[in-house]
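Here's the structure we're looking at; comments come further down.
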Amino acid sequence: MAGVQEIMLRVAGCGVSVKRAGKGPPLLFLHGGGGAPRWLPFMARLAERFDVIVPEHPGFGRSETPEWLDTIGDLAFFYLDFIRQLELERVHLVGSSMGGWIAAELAVRSTHDLASLALIAPVGIRVKGAQKADIFLWSHEQLTRNLFADPGFAEVILKMPVTEEEQDQRLKNALAMAKLGWQPRLYNPHLAKWLHRIAVPTLICWGDSDRLIPPAYGPAFRDLIPGSRLQVFERCGHLPHAECGEKFVRTLTQFIEGVRP
Amino acid sequence: MKFFMIHLMPYADLDLTYDQKYDSAWVTLPNSYYDPVKGAKLYNRYLDELEYADELGFDGICVNEHHQNAYGLMPIPGVMAGALARRTKQAKIAVLGRALPLLNNPLTVAEEYAMIDNISGGRLIAGFVRGIGAEYHAWGANPAESHDRFHEAHDLIVRAWTEIGPFPFEGKYYNFQYVNTWPRTFQQPHPPIWIPSQGSRETIEWASHPSRKYTYLQTFSPATALARYMAMYKEAAEKQGYTATADQVGWAVPIYVGETDARADAEAKPHIEAFMNKFLRMPQEMLLPPGYLSLQSMKGVLKAKGAMMAGAHTIDGLLDKGMFICGSAETVRQRLAQYQKQIGFGKLLPMLQFATLPHDLTKASMERFAKKVIPAFRGVA
């Protein structure tokens, strides 16, 4: 984690833990339900060309849980405040899974400070007949195995030693995840109606072997966000940025380079 | 001490080999396992058993609420309480539901309980629970809102019973222009309120508050845990400036009374083991969804429940832990006297039917309990 700054900021009355590294245009990464406890290889790669900012959402990890946290919409407004407070301009906003939901909710509210949007297997809408997996009935081990197409990936993660702090954060993250996504399950019935408001270049990424959110959601998001592009990653699960990191970084970088300055 | 027979009304005809295909008797077990012809007989048999408890002189009878499972067939316990209100004459009728956080409109419970209280001439005991974790999977209710919704729904119901309506209610989850419950409760200011729980400090501190002094019931826990939670209630009361009476704490526990110890053990064994190993079977994620307990309680319970849920239970293990009381009337009397003396509860909720225990054994055990156990405790606690 050489060169990675870890700081606590106070935004909208909430102490929030932020990791940051690299120079270049700002890239704000919004994590999914598993949190962002570590600086991952794809972040390091992106930090070679971008100012990569990775907060832990209010309610998650080392961040505080504010009284006002009830819905994903609250986090969307929180990150609009966050962007303003850090005086970020022309941000490349990237969100994975639940973080993709936050990013989409943010973008339908305002794209004023965004240069581009990348959604990695986001939740937030419902495609009838395409059932999301019931992640809340899975044990940590089952979830870990189901996150990846390559079983070897899960094996490595499951063998890593877990500290008590990490155990506690898992419980905390699961609580926040339930609060924000239990019912209706991982979507906002009103989001799909307004996705057409997203007026920045948008990339949607999906693993073809996603066992959490069926890949049928990819085309649904693409059709709802004008001008967006869908990139499917082969032999890849729910976390293309982690499982297919090299290809993901290449795809994202090319996409951002194609965005008019 | 007072005695309230509790019934879960399990689907006793459950094919016990279900667990070769499914990991739980809850939520995800297909309802093709339920045969309505057998189920209809069971419902009427179980109502007969509770009515018989009234004849035998139990102080009360208790029904219960669980959803989408084979463990207990009373998703709407008020239906049973309504039937019992007409057929029983003396016994109190305790509804040890309703799971308030599952409700979109808690006023339905204010109404339902008030109706039962009227029909029974003031024999209702109003239970308020959060339901077990599986309920949140079955009903899609958000476990992370469970505590807050419980408290708000409770406040709404008690106000609906005690304040003259119409009045507005302005909550976070529930909002009403007109709260004006008809009928009013027969018992004034309101029926006694009982809080069954599997044990949580938050619930105990809340129930023991001087403005409430609700009866706290510990359900199906090892005797050591029972002792700890009962002591916690009494300490919480002391801290809040009063001394709790034994009457404020109760224990729900499966009990079987046989002719002799050896016969009792042999008769109860397959049924109590099926109760723990088949009917209560569920993965930890189903039992403890995120938010159901505070993070601090969750850590503690994960350790304790991990031990309780792990592996197959045997009758001997259950007897050792005090999770089951079984034997001749003499043995049951002694065990109860010993626990009562150590722990000091004033209400006992014997579960005299469990899992697959058939009617004839249930009835005989109930009779022995009523005639040879209860009298020994009259005037105690």
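The values are calculated or read from the model by the stated rules, or taken from the named source; none is laboratory data. Here the structure is a predicted model, which means the values were calculated and not measured. Please note: Cβ atoms are built from the backbone with ideal geometry, for glycine as well, and neighbour counts cover all protein chains shown.
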Of those in the stretch A:171-213 that are within 30 Å of A:E234 (Cβ to Cβ) and either within 8 Å of chain B (Cβ to nearest Cβ) or modelled with pLDDT under 95 (or both), the residue surrounded by the fewest Cβ atoms within 10 Å (Cβ to Cβ) is A:R185
Criterion: in contact (Cβ under 8 Å) with a residue 24 or more places away in the chain and either within 30 Å of B:R159 (Cβ to Cβ) or within 15 Å of the chain's Cα centre (by Cα) (or both) - qualifying residue of B:G57, B:G78: B:G78
Selection count where residues are of a type in the set (A, V, I, L, M) and either facing chain A (nearest Cβ under 8 Å) or more than 25 Å from B:T181 (Cα to Cα) (or both), scope the stretch B:135-157: 3
For the stretch B:57-89 the number of residues that are farther than 25 Å from B:M286 by Cβ, in contact with a Phe, Trp or Tyr (Cβ under 6 Å, 6 or more places away or on another chain), among the small types (G, A, S) and assigned to a loop (DSSP other than H, G, I, E, B) is 0
So is B:E112 of a type in the set (D, E, K, R), surrounded by fewer than 23 Cβ atoms within 10 Å (Cβ to Cβ) and within 14 Å of chain A (Cβ to nearest Cβ) or not? no
For residues that are of a type in the set (D, E, K, R) and outside any loop (DSSP other than H, G, I, E, B), scanning just the stretch B:262-301, find the one that is nearest to the other protein chains (Cβ to nearest Cβ). B:E285
Could you check, for the stretch B:172-190, whether at least one of its residues is surrounded by 22 or more Cβ atoms within 10 Å (Cβ to Cβ), more than 14 Å from chain A (Cβ to nearest Cβ) and aromatic (F, W, Y)? no
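Residue-wise test of (1) part of a helix (DSSP H, G or I); (2) within 22 Å of the chain's Cα centre (by Cα); (3) of a type in the set (A, V, I, L, M, F, W, C).
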site	(1), (2), (3)
B:Y11	no, yes, no
B:T17	yes, no, no
B:D23	no, no, no
B:A40	yes, no, yes
B:N44	yes, yes, no
The strands (runs of 3 or more DSSP E) lying entirely within the stretch A:41-149 that contain at least 1 residues which are buried (at least 19 other Cβ atoms within 10 Å of the Cβ) and without any contact (Cβ under 8 Å) to a residue 40 or more places away in the chain are A:51-55
Failed item in (1) away from every other protein chain (no Cβ under 14 Å); (2) of a type in the set (A, V, I, L, M); (3) under 23 Å from B:E145 (Cβ atoms), with A:A130 passing the rest: (3)
Can you name the residue in the stretch B:311-352 that is out of contact with any Leu (no Cβ under 8 Å at 6 or more places or on another chain) and closer than 13 Å to B:E267 by Cβ and, of all such residues, is surrounded by the most Cβ atoms within 10 Å (Cβ to Cβ)? B:L352
Within the stretch B:306-314, identify whether any single residue is away from chain A (no Cβ under 14 Å), at pLDDT below 95 and within 19 Å of B:G133 (Cα to Cα), and answer yes or no. yes
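For every residue, the table says whether it meets (1) crowded, with 18+ Cβ neighbours inside 10 Å; (2) at negative phi; (3) in a helix (DSSP H, G or I); (4) out of contact with any helix residue (DSSP H, G or I) (no Cβ under 7 Å at 6 or more places or on another chain).
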position	(1), (2), (3), (4)
B:G165	no, yes, no, yes
B:T203	yes, yes, yes, yes
B:H209	no, yes, no, yes
B:Y216	yes, yes, no, no
B:R228	no, yes, yes, yes
B:Y233	yes, yes, yes, no
B:T243	no, yes, no, no
B:D247	no, yes, yes, yes
Which ones in the stretch B:328-340 are over 27 Å from B:M232 (Cβ atoms) and in contact with a strand residue (DSSP E or B) (Cβ under 7 Å, 6 or more places away or on another chain)? B:S328, B:A329
Which is surrounded by fewer than 16 Cβ atoms within 10 Å (Cβ to Cβ) and under 24 Å from B:A70 (Cβ atoms), of B:P283, B:P358? B:P358
Does the stretch B:341-381 hold any residues that are over 19 Å from B:C62 (Cβ atoms) and either in contact with a strand residue (DSSP E or B) (Cβ under 9 Å, 6 or more places away or on another chain) or in a loop (DSSP other than H, G, I, E, B) (or both), and which are they? B:I343, B:G344, B:T356, B:P358, B:L361, B:A364, B:R368, B:K372, B:R378, B:G379, B:V380
Within the stretch A:156-166, how many residues are in contact with a helix residue (DSSP H, G or I) (Cβ under 8 Å, 6 or more places away or on another chain) and within 10 Å of chain B (Cβ to nearest Cβ)? 0
